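Data first, discussion second: the structure below is written as structure tokens.
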């Protein structure tokens, strides 16, 4: 896994001055079938909170780079997931779920999603087909229709495994009406239903072009940032309802060692002093559970032993203070 740059969409790589003309193109396009038109581009993965955006992207990539949770608004930043095939390179841009922002953090999240939407070559519009469309789906459909440069839209009717037979026609037709002319597919990101067919629709919608990233890159998110997100995921999945959305994670130390292990120290910030006790738990039990769950995920990511130290601090109402939101790393792309 390569993790060296911010998670915002980046321009295609350019040939170094000392590299022979055509060398980079030959390297990036190695393996492309002779005579086949290679396709590449950015795919904005958009949808309301908790419709399965991150789960779907992880399923396409075959490994976990985006955190998932049953709680809404899990994704806070845009994040690249790069899938390279012989005939195409698909750069998925996982985005925060579209919602009505109530604080500076929410405003940052919505702005990040809108930027990705406007910069994309293709929009992958994900909905929860097990329930009828709501106002949030309609607002997002309007944003998609009104982006700067109209382009292909692929509609993923996710969670089809939960769709009742008597609702199939009504719900499917209602969502299709939100994206007129879009290719669509009933899928289940958790079971894997029709994911290959959906990916084929996405690839067909991409423009022709060379690879934008090297073949071994899966994401461009820093490893320390991925570790922070995995710690936050553990907190989201283990903590009580009123606490998780006020948790932010800051990595203090990330030291990789020669034997393949890593030492990581991180601080979990909460919005209230009273929440510190909940995160720590009786006798430190909850913090130990969070640490264990996070460490296992980080070890799977790094492929080595991880020594993880966690601390908890309160920063009252940090989500409502723009300076704190920015200090904790939620900044708009310049």
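The numbers here are math on the coordinates, done by the rules we state, and not lab data. Computed from a predicted model, the values in this text were never measured in an experiment. Every residue, glycine among them, receives a Cβ derived from its backbone with ideal geometry; neighbour counts consider all protein chains shown.
Under the simplified labelling scheme, the residue 85-residue 191 pair shows an inter-label distance of 2.2 nm, with each label point 7 Å from Cα along Cα→Cβ. The antiparallel fraction among DSSP beta bridges confined to the range 223-327 stands at about 45%. Packing around the peptides 252-262, 145-155, 227-237, taken as the average count of other Cβ atoms within 10 Å per residue, puts them in this order, highest first: 227-237, 145-155, 252-262.
Each residue, residue 222 and residue 265, gets one label point 7 Å from its Cα in the Cβ direction; the gap between the two is 1.7 nm. One decimal place: the segment residue 204-residue 322 gains 38.4 nm when fully extended, by the rule 0.36 nm per residue minus the C-alpha distance.
Given a cut-off of 19 Å, what percent of all Cα-Cα pairs of the range 137-255 lie beyond it? Everything past 19 Å amounts to 69 percent.
Extension gain for the segment residue 177 to residue 214, taken as residue separation times 0.36 nm less the Cα-Cα distance, is 9.5 nm to one decimal.
Normalised by 2.2 N^0.38 Å, where N counts its residues, the alpha-carbon radius of gyration of the range 223-327 equals 1.06.
Taking label points 7 Å from Cα along the Cα-to-Cβ direction, residue 257 and residue 107 give a separation of 4.5 nm.
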